[in-house]
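Heads up: the structure comes next, in structure tokens.
The values are calculated or read from the model by the stated rules, or taken from the named source; none is laboratory data. Everything numeric in this text was worked out from a predicted model, so none of it was measured. Neighbour counts are summed over all protein chains in view; Cβ atoms, including those assigned to glycine, are modelled from backbone coordinates with ideal geometry.
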Amino acid sequence: MGWSWFNRLLYKREKMEKNNLLFEPQREKAGSQTFSKYSYQYHWALCRILKEHNGEKEYAVFVELHEDVVLSNSLSVNDAQFEFSQIKTNQTKFTKNNIIKLKNGSSVLGKLIDSTLNKKYTERIIDINLVASSGFTAKDFKEEGIFLDKISISEIPSTTIEHLVKEISSELNIKSLPTNLYFITSDVPDIGFQEFTLGKITTLISELFPKSLTQAENIYRPLIEELNRKGMVTVDFKNWDEVLKNKALTSITVSKLIHQFTERQDDKEVYSQLNDFLIDLKLKTMQRSKWKKSFKRYYLNRIANKTLEQLEIQDEIQKQLDECDEEIEILIQLVYDNLPISIRKNFQSDIDIKTAIICEYILGELSNE
């Protein structure tokens with residue numbers, strides 16, 4: 001039986017919604033291929049991630065995609081808005097002259113603005129940032145005696161604005177500067193930035209999970225390696241989900257790594273109750289090992305993943321649990337039998353479904369204490 005016009009419309013719309021919003025010819029890919037030269041910008045990107053993560057926000061960060069660092073404030077292509085940042089480890093402060101000095105036909109400011117102009121994602125860009133480790137001269141970019149780590153267009157002297165517009169208009173054929181352009185003095189030192197980043201991780205964990213046990217090094221290494229690995233990717237992806245998977249470091253991945261290497265106060269109680277339930281289920285040693293691994297996967301994903309899909313899964317399981325009052329073996333089977341197919345299809349096996357049920361039961365009990 002053929003598809004109705006309505007089904008075809010839905011299918012077409014779904015395909016359109018999954019299009020990669022950032023699919024545009026890239027200005028250059030040399031940075032991706034020689035990423036070792038840009039260790040500082042990768043660490044700046046990781047520190048930017050940690051700052052975003054401290055607010056428990058949803059995000060994706062791309063390195064070497066149209067700009068040095070691009071942050072998306074959502075994992076949904078329909079909701080995503082972007083922050084474009086060019087990172088400079090200049091030895092001296094930027095002046096109104098050297099910021100627009102042409103080198104190989106382009107200036108520092110011109111390259112940044114050009115990466116955001118006349119693209120299909122242009123209207124989605126919130127901030128356009130020029131980030132400099134040495135900052136910007138006071139006389140050109142701010143009032144004498146005033147220190148700002150983030151300078152907006154409205155805070156720059158009019159004489160500087162006029163000068164920048166006049167010089168850059170011939171380079172880009174524009175008559176004004178973007179109103180969402182910012183000049184940022186980096187808080188990441190250009191010497192010792194690895195240790196600085198480790199300190200940021202330690203601070204983040206202590207704020208998110210007071211009295212927890214963690215080793216920042218165990219979190220830092222896989223995060224920076226993942227950024228480096230994805231920074232090397234030069235393939236262009238038409239599909240949004242593909243570019244997230246292959247080019248971005250997302251809030252979900254960061255959360256999973258943090259939770260994996262952080263021992264929280266509740267963890268001991270959760271795993272203790274799991275062991276009790278596995279004993280009650282009279283599982284053999286090999287079976288118990290499989291159930292523990294499956295449980296850990298769901299547990300880490302559950303506390304790290306804030307997507308709507310994950311929330312729907314846990315809400316549905318909790319709903320079914322509220323309607324049952326049986327011994328654990330019967331309870332698991334009843335909830336399993338009553339779960340909608342739309343929820344079951346998110347799991348790879350029956351064991352994964354059953355350990356998810358156990359996990360939700362334990363977390364529900366702990367929240368009620």
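Numbers below:
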| quantity | calculated |
| --- | --- |
| Pair list, Cβ under 7 Å, 6 or more apart: segment 163-176 residue over 17 Å from SER115 (Cα atoms), other residue part of a helix (DSSP H, G or I) and at pLDDT 90 or above | LEU164/LEU109 |
| Out of LEU278, LEU257, sole residue that is surrounded by 18 or more Cβ atoms within 10 Å (Cβ to Cβ) and under 24 Å from PRO222 (Cα atoms) | LEU257 |
| Exclusive hit being surrounded by fewer than 21 Cβ atoms within 10 Å (Cβ to Cβ) and either closer than 18 Å to PHE196 by Cβ or acidic (Asp, Glu) (or both), set LYS111, LYS51, LYS120 | LYS51 |
| Residue within segment 183-194 that is assigned to a helix (DSSP H, G or I), in contact (Cβ under 8 Å) with a residue 60 or more places away in the chain and either loosely packed, with under 15 Cβ neighbours inside 10 Å or not small (Gly, Ala, Ser) (or both) present | yes |
| Hey, LYS96 within 28 Å of ILE168 (Cβ to Cβ), touching a residue at least 60 places away in the same chain (Cβ under 8 Å) and more than 13 Å from the chain's Cα centre (by Cα) or not | yes |
| Where a residue in segment 291-320 is more than 20 Å from PHE209 (Cα to Cα) and its partner, wherever it lies, is polar (S, T, N, Q) and at pLDDT below 90, with Cβ under 9 Å and at least six apart | GLN310/ASN301; LEU311/ASN305 |
| Neighbours by Cβ (under 6 Å, 6+ apart or cross-chain): first from segment 108-134, of a type in the set (D, E, K, R); second not in a helix (DSSP H, G or I) | LYS119/GLU24; ARG124/GLN81; ARG124/PHE82; ASP127/GLU83; ASP127/ASN180; ASP127/TYR182 |
| Residue match in segment 235-243 (condition: assigned to a strand (DSSP E or B) and either β-branched (Val, Ile, Thr) or outside the structural domain of SER106 (by TED's automatic domain parsing) (or both)) | no |
| Hits in segment 54-63 (condition: of a type outside the set (Val, Ile, Thr) and either within 12 Å of LEU249 (Cα to Cα) or modelled with pLDDT of 95 or more (or both)) | GLU58, TYR59, ALA60, PHE62 |
| Test for GLU64: is it touching a Ser or Thr at 6+ places or on another chain (Cβ under 6 Å), outside the structural domain of THR307 (by TED's automatic domain parsing), part of a strand (DSSP E or B) and within 26 Å of HIS43 (Cβ to Cβ) | yes |
| Whichever residue in segment 195-230 is β-branched (Val, Ile, Thr) and either touching a strand residue (DSSP E or B) at 6+ places or on another chain (Cβ under 9 Å) or in a loop (DSSP other than H, G, I, E, B) (or both) and, among such residues, is modelled with the lowest pLDDT | THR214 |
| Scan of segment 311-339 for residues that are of a type outside the set (Lys, Arg), over 28 Å from MET286 (Cα atoms) and out of contact with any helix residue (DSSP H, G or I) (no Cβ under 7 Å at 6 or more places or on another chain), ordered by number | LEU311, GLU312, ASP315, ASP322, GLU323, ASP325 |
| Any pair with Cβ under 7 angstrom, 6 or more apart, that starts in segment 230-253 at a residue that is within 19 Å of LYS57 (Cβ to Cβ) and ends at one that is buried (at least 18 other Cβ atoms within 10 Å of the Cβ) and of a type in the set (Lys, Arg) | ALA248/LYS230; LEU249/LYS230 |
| Those helices (runs of 4 or more DSSP H) lying entirely in segment 276-369 with at least 1 residues closer than 30 Å to GLU56 by Cα and modelled with pLDDT of 90 or more | 285-304, 308-322, 341-344, 350-368 |
